[in-house]
Amino acid sequence: MSNHFISFPDNFLWGAATSSFQIEGYPLADGAGKSNWYEWTKTPGRIENGQDADIAIDHYHQYKTDVALMKQMGLKTYRFSISWPRIIPERGKVNEKGLDFYRRLVDELLQAGITPNATLFHWEVPTWAKGEWTNRETALAFKEYAEVVFKALGDKVPMWATLNEPQIVAEIGYLQKFFPPGKADRAGYAKVVHHLNLAHGLAVKAYRDLGFKGQIGVVLALCPWKTKNDDPVAKAYADKMWDLHADAFLGPVMGKGYPSFLFEFTGDDPKAYEKDMPIISQPIDFLGINHYNPNYAAYAPGANIFDNDWAMKDGIPTNDLGWPVDPEAFYDLLVYLWERYGVKQLFVTENGFPTRESKRTAEELIEDDVRVHYYGTYLQQAQRAIQAGVPLKGYYAWSLFDNFEWCFGYDPRFGLIHVDFKTLKRTFKKSADWYKQVIAQNGFDPALLPKDPDYPIYHDEGVRAKTF
Ligand code: FCB
């Protein structure tokens, strides 16, 4: 090994992540109920190319093959999510067949020596939950569902996350209209945020009350807010964007309460939210971070509901969805979370790179040097953060497989493992082979990363048109 080799701590948890709706397919099988996302995929104009997740990658039937692939990759842990409408097709009714699927999956993982890490909510809300997150009752129903799942799987699954990226649900579903329920309701935004936070807190409480001794946390989408230039107005605005995107969730969960800007944004009274704080702020065992890119802030009144044009610095590399690639921002984020919020343990629960099928050759989709470069440079920063003292205990690549990428359908491919969506054949990409080696050696040599990675370059065209 060369002297550039970087190592991770012993017992570092190397993993990969997926989510139920994005890979399972057959969303109505075996007595499952319909979900918001099921309905969304059936609504014309919502998903690119009119695609749906009826088959996805058929993990629902091919989970044994898939666990064998995880074992082949050497994963120590696997992060997946459980579909709420499969388990509770009607309020108050438990669907044992839905639970059985996850029992079989968990047994298969344990037999393969892979630690299961289960997320209770990765965006599927049963359609019976009227009003979804605008309704406090949804948080109470979520607690009932969480109890059912803990009782069924709590003895076997040692790591739990309550919610995946509640802020993305809130922003894109309740302000920007692109995700279900397709609203743009600024005045109602704090309520939605609060009900998501309450659902998290109630599930943590249910887990502890049932006496389980594993670890439970929440997974948040987190990124630093940068500015295009040194304009102090833009910098002050970047802080406000952090408040809305990150602190509206991290604040209450970490016992620091809501940022005041949340209520400036919505115009409602903070007092109405205080009584639930003891439930929301119960101690968690870890914070899960999903991180792909930094965001950019500029005060651009009227550009959209956030008065932010989202335009980035000219000339920076991006992924195929236009998200900036900036590994040092990842380091800054990890250090900031540790210093500002004093989290005990961090896991990177998602980090990864999409290659769009429509923008790459078939060969590039599998010989994915650009993805190897992305993972390598991001992991290098993760290791630097560990050296600086950040209690980062594990890392999950997003994603194990190419899958259904929400509104974008199947065109962006995030997988380490390529999936042919016609035949459902799974093939290790170059990045999968590389990651396998990283896991086996518990580190890698950054000097050996691919040269000249093919990142698209962003060109600033000024303030963007009003989009929502
Ligand atoms: C995250 C989601 C995940 C996937 C990646 C690309 O926001 O948690 O389901 O879509 O982005």
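Exactly one residue among Val149, Val157 is hydrophobic (A, V, I, L, M, F, W, C) and in a loop (DSSP other than H, G, I, E, B), and that residue is Val157.
Within region 97-138, which residues are surrounded by fewer than 23 Cβ atoms within 10 Å (Cβ to Cβ), in a helix (DSSP H, G or I) and not basic (Lys, Arg)? Matches in region 97-138: Leu99, Asp100, Val106, Asp107, Glu108, Leu110, Gln111, Glu132, Thr134, Glu137, Thr138. Within region 307-327, the set of residues being surrounded by fewer than 21 Cβ atoms within 10 Å (Cβ to Cβ) and of a type in the set (A, V, I, L, M, F, W, C) comprises Trp310, Ala311, Ile316, Leu321, Trp323. Checking the stated criteria, Tyr375 turns out to be within 16 Å of the ligand (Cβ to nearest atom), hydroxyl-bearing (Ser, Thr, Tyr) and buried (at least 19 other Cβ atoms within 10 Å of the Cβ). For the criterion of being over 15 Å from Ile289 (Cβ atoms), of a type in the set (Lys, Arg) and either within 16 Å of the ligand (Cβ to nearest atom) or touching a Pro at 6+ places or on another chain (Cβ under 8 Å) (or both), Lys240 fails.
Consider region 171-206. How many of its residues are within 16 Å of the ligand (Cβ to nearest atom), without any contact (Cβ under 8 Å) to a residue 60 or more places away in the chain and among the aliphatic types (A, V, I, L, M)? Summing the residues that are within 16 Å of the ligand (Cβ to nearest atom), without any contact (Cβ under 8 Å) to a residue 60 or more places away in the chain and among the aliphatic types (A, V, I, L, M) in region 171-206 gives 1.
The single condition from (1) within 27 Å of Ile114 (Cβ to Cβ); (2) more than 16 Å from the ligand (Cβ to nearest atom); (3) among the hydrophobic types (A, V, I, L, M, F, W, C) that Leu400 fails is (2).
Of all residues in region 1-28, exactly one satisfies the criterion of being farther than 28 Å from Val438 by Cβ, open to solvent by 30 Å² or more (accessible area, probe 1.4 Å) and in contact (Cβ under 8 Å) with a residue 24 or more places away in the chain, namely Tyr26. Among the residues of region 207-233, those that are without any contact (Cβ under 8 Å) to a residue 12 or more places away in the chain and over 16 Å from Ile279 (Cβ atoms) comprise Gly211, Lys213, Asn229, Asp230, Pro232.
Here Phe212 fulfils each of the conditions (1) in contact with a strand residue (DSSP E or B) (Cβ under 8 Å, 6 or more places away or on another chain); (2) of a type in the set (Phe, Trp, Tyr); (3) open to solvent by 10 Å² or more (accessible area, probe 1.4 Å); (4) within 26 Å of Thr77 (Cα to Cα) apart from (1). Of the residues making up region 258-296, just one is of a type in the set (Asp, Glu) and either within 16 Å of the ligand (Cβ to nearest atom) or open to solvent by less than 30 Å² (accessible area, probe 1.4 Å) (or both), namely Asp276.
State the number of residues belonging to region 315-352 that are polar (S, T, N, Q) and away from the ligand (no atom under 16 Å from the Cβ).
Here is the first cut: in region 315-352, the ones polar (S, T, N, Q) are 318-319, 345, 349, 351.
From what is left, the residues that are away from the ligand (no atom under 16 Å from the Cβ) are 345.
Within region 315-352, residues that are polar (S, T, N, Q) and away from the ligand (no atom under 16 Å from the Cβ) number 1.
The set of residues in region 380-404 that are open to solvent by 30 Å² or more (accessible area, probe 1.4 Å) and not in a helix (DSSP H, G or I) comprises Ala388, Gly389, Lys393.
Taking region 353-369 as the region of interest, how many residues are assigned to a helix (DSSP H, G or I), open to solvent by less than 40 Å² (accessible area, probe 1.4 Å) and within 16 Å of the ligand (Cβ to nearest atom)?
Of the residues in that region, 0 qualify.
Residues in region 439-462 that are surrounded by 13 or more Cβ atoms within 10 Å (Cβ to Cβ) and in a loop (DSSP other than H, G, I, E, B): 10 in all. The single condition among (1) touching a helix residue (DSSP H, G or I) at 6+ places or on another chain (Cβ under 9 Å); (2) surrounded by fewer than 24 Cβ atoms within 10 Å (Cβ to Cβ); (3) not aromatic (Phe, Trp, Tyr) that Ile88 does not satisfy is (2).
Show the residue pairs meeting these rules: Cβ distance below 9 Å; 6+ apart or different chains; first residue within region 405-434 and under 17 Å from Thr65 (Cα atoms) and open to solvent by 30 Å² or more (accessible area, probe 1.4 Å); second residue of a type in the set (Ser, Thr, Tyr) and in a strand (DSSP E or B). Matching pairs, first to second residue: Asp420/Thr427.
Residues considered: Gly182, Gly217, Gly201. Of these, the only one that is open to solvent by less than 10 Å² (accessible area, probe 1.4 Å) and not in a helix (DSSP H, G or I) is Gly217.
Given the criterion at positive phi and either aromatic (Phe, Trp, Tyr) or open to solvent by less than 60 Å² (accessible area, probe 1.4 Å) (or both), identify the matching residue among Gly31, Gly45. Walk me through how you get there before you give the answer.
On the way: Gly45 fails: either aromatic (Phe, Trp, Tyr) or open to solvent by less than 60 Å² (accessible area, probe 1.4 Å) (or both).
Gly31 is the lone residue from the list that is at positive phi and either aromatic (Phe, Trp, Tyr) or open to solvent by less than 60 Å² (accessible area, probe 1.4 Å) (or both).
Can you find a residue that is surrounded by fewer than 18 Cβ atoms within 10 Å (Cβ to Cβ) and part of a strand (DSSP E or B) anywhere in region 339-347? No, because not a single residue in region 339-347 is surrounded by fewer than 18 Cβ atoms within 10 Å (Cβ to Cβ) and part of a strand (DSSP E or B).
The values are calculated or read from the model by the stated rules, or taken from the named source; none is laboratory data. Predicted model, so just to flag it, every value in this text is computed and none were measured. All Cβ positions, glycine included, derive from the backbone under ideal geometry; neighbour counts span all protein chains shown. The accessibility values were calculated without ligands, DNA or RNA, using every heavy atom of the protein model including side chains. Shrake-Rupley method; radii C 1.70, N 1.55, O 1.52, S 1.80 Å.
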